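Worksheet for the structure shown next.
Please treat every number below as a calculation from the coordinates, not as lab data. Treat the numbers as computed from the prediction; the structure is a model and nothing was measured. Counting neighbours? That spans all protein chains shown, and the Cβs are built from the backbone with ideal geometry, glycine included.
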Amino acid sequence: MSGRRTAQGYRDAPTRTIAAAGAVFAYRELGPQAGVPLVVLTHLGANLDNWDPRIVDGLAQDRRVIAVDYRGVGDSTGQVRDSIEEMAADMVAVIRALGHDRVDMFGLSMGGMVAQAVVTLAPYLVDRLILVGAGPAGGPGLVDMTRLTIATVLRAVVTFNDPKTLLFFTRTPVGKRAARQYLTRLKERTAGRDKAVTAGVYRAQLAAVHRWGKQAPADLSQLTGPVLIVHGDSDRMVPPANATALARQLPTASITVFPDSGHGVAFQNNRAFVDAARDHVRR
């Protein structure tokens, strides 16, 4: 593992690697070295470059933030996983290889599913949890994500749109403006970019989410730390009913729902989200 010099911002954070669970995982970190780190797990079909720099930089003001590529994604080696539980086992191995025995965790969409599986696998590893645009195992409408994603990607291709515009944002003036601003921010990093996500990654991760949607709810009762659930009121990929379903399994949870927001709720409302997340993880 290479040195740990803190970067000035996420767009300039060097990509580092660490060996764990029989693979080499790419990650980036920034922020103060002291305190409990915040591990962030990204959405389906995403690599390290898909993190909104405004979110990571905002969270890193007073917390070390660690973003990790899943196995077989971006610069991480190995065969991409097609199960949420296997992705969780990898993340547990990476966190421990980095020398941490207690972390806060922020899971975005599929990353929120992986975070729940981490809690089930290693409940004492996670203290405070943030779940954004996520659903529990067996959550309402999750089995439809594969069909919806494929249909929307095909629609984006024929209409010359970036799929993220149609998947993550509403088609209102507010949503369209937020989509343009988000896509612009993703281009701020110009050097040391991650390897592009392949079609095989999409297929495997869609299969993992589909299986998650058909499973029985996981036992999250061992998580005693506070949980922040954030959702968009117009999320097409993970219907808003999933926020309530999650809260039923997490007695320490609070729910924040943003209006006129889709699956990219954190990207669209990045300032308000960062404020809420920092308050949530602040000791």
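In table form, for the structure just shown:
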quantity	calculated
Cα centroid separation, the range 238-276 to the range 84-131 (Å)	19 Å
Charged-residue dipole, Cβ positions (Lys, Arg, Asp, Glu), the range 32-134 about Cα centre, Debye nearest 20	220 debye
Cβ-defined net charge surrounding A93, 14 Å radius [Lys, Arg +1; Asp, Glu -1]	-2
Euclidean distance between Cα centres, the range 136-202 to the range 16-72, Å	20 Å
Label-point gap, in nm, between D233 and D279 - each point 7 angstrom along Cα→Cβ	1.9 nm
Relative packing of 10-19, 211-220, which averages over residues the other C-beta atoms within 10 Å, highest first	10-19, 211-220
Relative packing of peptides 235-241, 188-194 - highest average C-beta neighbours within 10 Å first	235-241, 188-194
Surface/4 of the Cα convex hull for the range 116-169, nm²	4.9 nm²
Net charge of Cβ neighbours under 10 Å - reference A20; Lys, Arg +1; Asp, Glu -1	+1
Cβ-defined net charge surrounding D82, 9 Å radius [Lys, Arg +1; Asp, Glu -1]	+2
Computed label-point distance, nm, for sites L154 and L121 using a 7 Å Cα→Cβ extension	3.4 nm
Rh by Kirkwood over Cα pairs, then Stokes-Einstein D for the range 160-283 at 1.567 mPa s and 4 °C, µm²/s	78 µm²/s
Sorted peptide list for 43-49, 153-159, criterion being average Cβ within 10 angstrom, highest first	43-49, 153-159
Whole-percent pair-distance distribution, where bins are 5 Å wide, for the alpha carbons of the chain	1, 6, 13, 19, 21, 19, 13, 6, 1, 0
Lys, Arg +1 and Asp, Glu -1 on Cβ, resulting dipole of the chain about Cα centre, debye, nearest 20	540 debye
